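Written below as C-alpha cells is the structure these notes are about.
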Amino acid sequence: APPVITGSNPASPSASSTTPQLLGTTSEANVTVRLYKTASCLDAAVASGTATASGGGGAFTITASVPANSATTFYGRAIDAAGNQSACGNGFTYVHDGQGPPAPVLTAFAPTSPSTTTAGAEVSGTEGDPTSRVFVYASANCTGAAVNPSGQIATASVFTVPFTPVTLGCTPVSAKAFDPAGNASACSNSLTFTHYGCAQCACAANDWLRTFGTTGDDYGAAVALDYNNNSYEVGTTTGALLGQSSAGQADAYVVKRSSTGVFIWARQLGTSLYDAAQSVVTDPSGNVYVAGYTEGDINGSGTPVAACTPGGTGRCSDVWVARYQANGTRDWLVRWGSNRRESAPDMAWDAKNSRVLVLVGSGDPVYGNGQSPIVLAVTPATGAIAELWSYVDDTQNKNPSGLGVDASGNVYVHGRAQWSITGALSTTGSGGNGVLYVYKLSQTGVVTWLQHWGSDDHDIAYDVTADASGNVYAVGYLQGAPVGTGAVGGYRGADATIWNGWGDAALVKLSSAGAQQWARSFGTARNDLASAVWLYNGLVYVSGASAGNPATGGNTSLYGGTDIFVAAFGTDGSVPANSVRIFGSAGDDGVGRSVLSGGVWLLPGTSTAAWTGMSQDACGYGGGAEAFLGRFCVGTGGPSPL
C-alpha cells in the first residue's frame, strides 16, 4: 500500500521553517519511503527515509526542503527490501508563509467621535487579506491586550469591533492583522474616540494655578473647554499680554492652555478705546467663539460705534463676536449694535440647533444705569447674526447677566429686575432695588415662563443650569433677607428668611414649569456671591466669591480679603458634610464664569496678590490686578464632595 503523509513539523502553514519534517505511516515496517513533487512519483525523489515499526505497520519522519513563502505538495512511494514499489500516495501541501498581511485601516467610530455617550461604541475598518484575523487595541500603537481576544475575520474586507472607551476621556484605538501562519501586519493608523468632558482627573495632586498679566491690570472673565480638555480663558487687559501687542486703553484677550495648564497660544485684540472679552464657548468641532463689547471699530468696518443720545454720559458700545480655530486662526469677527450701551455678558452653544447664542445687555443711551436683554443667534460658519428675542424697555430694567441652553434647545435668560418685570405670560412686581429673575424661552424665542425670587434689594442671578428633567438651578446674590416660601439658610441656621450679612450667595431650584422647588441663601457675615452652577455626580456645585469664613465643613480658611469658594448641595437642597472649599491669595480674588467637567473645576478670575501652595507660571504675580486660571478637583461626590 502507498504511504500516507499525515502532517508536518512545524504544522502547515508555518512562518518558521523552510526545512519541515514530513510525518506519515506505511502498512509495513522497515520500508524505504521516497518523496516526490509530482502526483505520478516518476520524477526524481527529493527526500527519502525509512519507516520504523509502529503499531503493526511503519511510521516515518523525513526532512524536506521548500522555497520560502511557497506552497509545496509532496507525494510518497514505499519500496520494500525486495525492491517492490507501492503506488504513489496521497498529496500533502506544506505552506511556508513568512510575510505578514496588509495592515488594517481604521475608518470610523459609532457613535461618531466626539460623543456624549460611550454606549455601544464600535470601531470599523478594512483588511485586505480575507484569511487574516483583525485584533483591535485600546492604544495608539497596538500595544497591550486586544479588546477582542479571538480576533475577527473581515467580511467583504470590512470589520467592526466593539470596545469600551474611557468615560469622560480620550481613547486611542489601533489594529493589527494576523494571518493563519501567525504573521503580523504592521500596526494600523490610530483613531481617537473622545467622550465629552474629557477631564483626566487625578484630583488634588494635579491641581494647578496659572497667574498671568502685564504691568497694567488684567481681568479674567470666563473659561470654556474643548473636547480635548484644552481651556480657553477670555478677559480684558490694559497692557500687552503674553507676547501680544496693546491697541489702546484696554483690549480683549483669549488664552489657550492644555489640560495640564501648559500655555499654547494667546490672542489680543482691540481698538484705541476700551474693548473687553466677556464670554467664551466652544463647539463640537473645536472652534472657539468669543464675545464682548467695544467702543471702537474693532472689526475694521470703517464705521465707528454710534454716538449716544446727546446729553448722555460716557461712550456707547457695540457687541462683537469672533470665531477662532483650535490653532488660533481667526475665521471671522462681526460687530452688532445700535445707539445704546451694549455688552455681551454671556454666550452658549446650542447643540440642538447647532448655533451660538449671545446674550446682549442693551443699556439706556442717556444714563446707562439699566439694561434690557437681547438674545442673538449667530451662524457658526459665517458669523451672520439674527435677533432671537428682545425685551428692550428702559422703564423695566432687567440687567441681564447670563443665559443657558438645555438639550432641547430651551433658552434661559437671567439677571436682576428692578421695579417690575413683565413677561408675555406673567407679571410680577418688585418694589425695591431688584430681584433675581429667570426667563425660559423656547428655541424660537417665545417666552414660556418668568420666575423671580429675592429680597428686593439689589439681588441678581448670575448663572443657571438645567438637568435632564428640565429642572432649573439658578445662582446669584442677595443683598437682603429673602422673601417668599422656601428661602432658608444653607450654611447658617434654617430660618425661613435667613440673611447672614452684607450680601449672601443664592441658589434656587425651579421645576420645568417654573415653579419654585426650594431656595437657599448662604454665606458669611461679609459679602458673598455665587457666580456659577453645575450638576455633577448627583450634586449641585456652586462657585463664587466670599469675604468671610463659611460656618460649615471642608477647607474654609480665608486666605485674604476676598477669596473664591466652591460648595456642594444635594438636588433636594440638602447640605452634605465637607461641602465647602476656599481658594485664594493674600489679596482680593474674584472669580468669573467657571467650568466643572469630569470632577474638575476650571476657575478664571483676577487676583491682587500672589497665591501660595499652587503650581504657577514662572512669571508668578507681577503686581496690580492679574488674571488667573486654576484647576481644582472637587472629588467624587457622595458624603464628602470637597
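None of the figures in this text is laboratory data; all of them are computed from the coordinates on show. This structure is a prediction, so every number in the text was calculated from the model and none was measured. Quick reminder, even Gly has a Cβ in these numbers, built from the backbone with ideal geometry, and neighbours come from all protein chains shown.
Rounded to 0.05, the FRET efficiency of the Ser301 and Asn339 pair, given R0 = 22 Å and the Cβ-Cβ distance, is 0.85. The packing ranking of peptides 347-355, 139-147, 274-282, highest mean first, is 274-282, 347-355, 139-147, where packing means the average number of other beta carbon atoms within 10 angstrom of each residue.
Gyration tensor analysis over the Cα atoms of the range 105-194 returns equivalent ellipsoid semi-axes of 22, 13, 10 Å (largest first, whole Å). Which of the lysines could be linked to Lys398 by a straight reach, that is with a Cα gap under 23 Å, when you skip same-chain ones fewer than 8 residues away? Lys398 reaches Lys440, Lys509. For Gly337, neighbours were defined as the other residues whose beta-carbon sits under 14 Å from its Cβ, and their charges (Lys and Arg +1, Asp and Glu -1) total -2. A simple spin-label model places the labels of Ile79 and Ser124 6.2 nm from each other, with each point 7 Å out along Cα-to-Cβ.
If R0 is taken as 22 Å, the Cβ-Cβ distance between Trp332 and Ser354 corresponds to a FRET efficiency of 0.85. Taken along the Cα-to-beta-carbon direction at a fixed 7 Å, the label points for Gln99 and Asn69 span 0.4 nm. Coordinate range of the alpha-carbon atoms in the range 266-354 per principal axis, descending: 46, 26, 19 Å. A cut-off of 5 Å between modelled amide H atoms, ignoring neighbours fewer than 5 places along the same chain, links Ser531 with Ser543, Gly544, Ala545. The simple spin-label model puts a point 7 Å past each Cα toward its Cβ; for Ala468 and Ser511 those points are separated by 2.1 nm. Fewest neighbouring Cβ atoms within 10 Å first, the residues Thr465, Thr126, Thr214, Thr329 line up as Thr329, Thr126, Thr465, Thr214. Stretched out straight at 0.36 nm per residue, the stretch from Ser54 to Ala386 would grow longer than its current Cα-Cα span by 110.2 nm. FRET efficiency for the Ala140 to Ala110 pair, using the beta carbon distance and R₀ = 25 Å, is estimated at 0.80. For the range 4-96, the spread of Cα coordinates along the three principal axes comes to 39, 28, 16 Å, biggest extent given first.
Please report the spacing between the Cα centers of the range 1-76 and the range 123-172 in Å, no decimals. One Cα centre to the other: 40 Å. Using only Cα coordinates, the Kirkwood hydrodynamic radius of the range 233-280 works out to 10.8 Å.
A protection proxy built from the mean count of other Cβ atoms within 10 Å ranks the segments 317-328, 261-272, most packed first, as 317-328, 261-272. Neighbours of Gly573 by Cβ distance under 10 Å: Lys/Arg scored +1, Asp/Glu scored -1, total +1.
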